[in-house]
Amino acid sequence: WASLGAGGPCAAMAMASARPSPGKMTAPRRRRVGALLALTLAWLALALLQNGARAGPAEAAKAQAKRRKAMMAAGGDGGIVTFGNANYSTIVDRRRDFDIVLVFTARSPRYGCSVCNAVETTLADVAASYKATRSGKAPELFFAAVDVDSGRELFNRYDMQHAPHVYALPRRDVKGGDALAEAGELLSSAEYEGLTAVHIANAIDEELGVRIRITNDASLAWAAMALLVLLAAAAGHYAEGDVSRFLALARSRHIWLFVCLATYGFGVSGSVYCIIRGTPLYRRYGQYGPTLFSEGGRDQYVLEGVSVSLLCIAIGISIMVMNFAARNRTVDDKVNPIVGTALNVLRVFATTIALAAAAVLLCKLFELYVFKTRWYDGIETMPEVLRPYLRAPPKVKKSSGLIPRLAKFTYFSFVNAKTAGGVVKKFDTL
């Protein structure tokens, strides 16, 4: 009050009225509070961005690991995964840290696509070799297939009018899109016939940078060596150190008959090809079950070759039995006539059975030959000078004699026949 002087209470009231009220904020204070709020919001936004940046790769890696696990569970470790309309896009078109070799195929026998089965078989060999040579590391490459029956929508989506098609799909860092449209075919259509595992491995190395060393299964060779050792051991045990006994065994007609049949069967079976190529015993095509015969004319499975060799040996044995039964007639006067008659009836019966067995087995061999060599034309195997005369089939009328009918039958059997039943039917008709 003393300092205010004469102004007194009026001056004090005037000064009090000049101060800001507690409910109001000055401009500097507003600026300070705004700056503080802006810093707080910026800090929150930065924290959220950092958390998102940390969570994004983690979630992506988790999703990729889930897709890898799904491929492994579906048989992708050393085998071929089958994609359908449902699971194709969930793996192929998403982010993934692995490559895919994908084949579009037609597995069902009703399509008659021998090249499809041959290509998928070769891919399975490449997949098995990749598993055997990657030294326990996590797979960077998977093999998959889309069958026309289970992936009809995919065939229509990419306007595929025929099969097979093989694609190399590299790993992807983006989500969405069309992985197949971004990739190219691994092989050209001209390369599918006679395709080998080494050829596919080289194409994968060139396109995806994944090296695969093809390994051949040596189990068949080891089995053959074990059989030879067992035969040598059996011969040594029989001879018991006696050279003359061993020589008598070596001169046995039965032994050499067995050796001849075994050598012939080994040659006919194509076992050398199976050993070199490391072909599988047989092939299983999903719901269609196992098959012993490859539809590729230049490919085969182990059991296919063994079956053909056994079939040929059985034909030879049937002819031998027929020859033996036909020659051994009972002419001894000391034999009881009833017994002699019974033996002759048995001889005729054995000859007939052997002849029928040889005919049936030959028909089956003929059907298998047609199955494996569908592109063959019998006329092409004849001398070139005769081909123009063989192109036109002989004409047969109701009034034709035996010679034209036999000529027609021969032409049909040699050129047009596909099954043994068709040959018999044509013979009856003529």
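The values are calculated or read from the model by the stated rules, or taken from the named source; none is laboratory data. From a predicted model like this one, the values you see are computed outputs, not experimental measurements. Quick reminder, even Gly has a Cβ in these numbers, built from the backbone with ideal geometry, and neighbours come from all protein chains shown. Note: areas computed on protein heavy atoms with side chains; ligands, DNA, RNA excluded. Shrake-Rupley method; radii C 1.70, N 1.55, O 1.52, S 1.80 Å.
Key figures
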read-out	value
Every pair of residues 6+ apart whose Cβ atoms lie under 6 Å, when the first sits in region 229-253 and is in contact (Cβ under 8 Å) with a residue 12 or more places away in the chain while the second is open to solvent by less than 70 Å² (accessible area, probe 1.4 Å)	none
Residue match in region 153-172 (condition: modelled with pLDDT under 90, among the small types (Gly, Ala, Ser), under 17 Å from the mean Cα position of the chain (by Cα) and open to solvent by 40 Å² or more (accessible area, probe 1.4 Å))	no
Residues of region 174-190 classified as assigned to a loop (DSSP other than H, G, I, E, B), open to solvent by 30 Å² or more (accessible area, probe 1.4 Å) and at pLDDT 80 or above, total	1
One residue from ALA127, ALA145 being of a type outside the set (S, T, N, Q), over 17 Å from ALA203 (Cα atoms), modelled with pLDDT of 85 or more and surrounded by 21 or more Cβ atoms within 10 Å (Cβ to Cβ)	ALA145
VAL339 part of a helix (DSSP H, G or I), modelled with pLDDT of 85 or more and open to solvent by less than 100 Å² (accessible area, probe 1.4 Å)	no
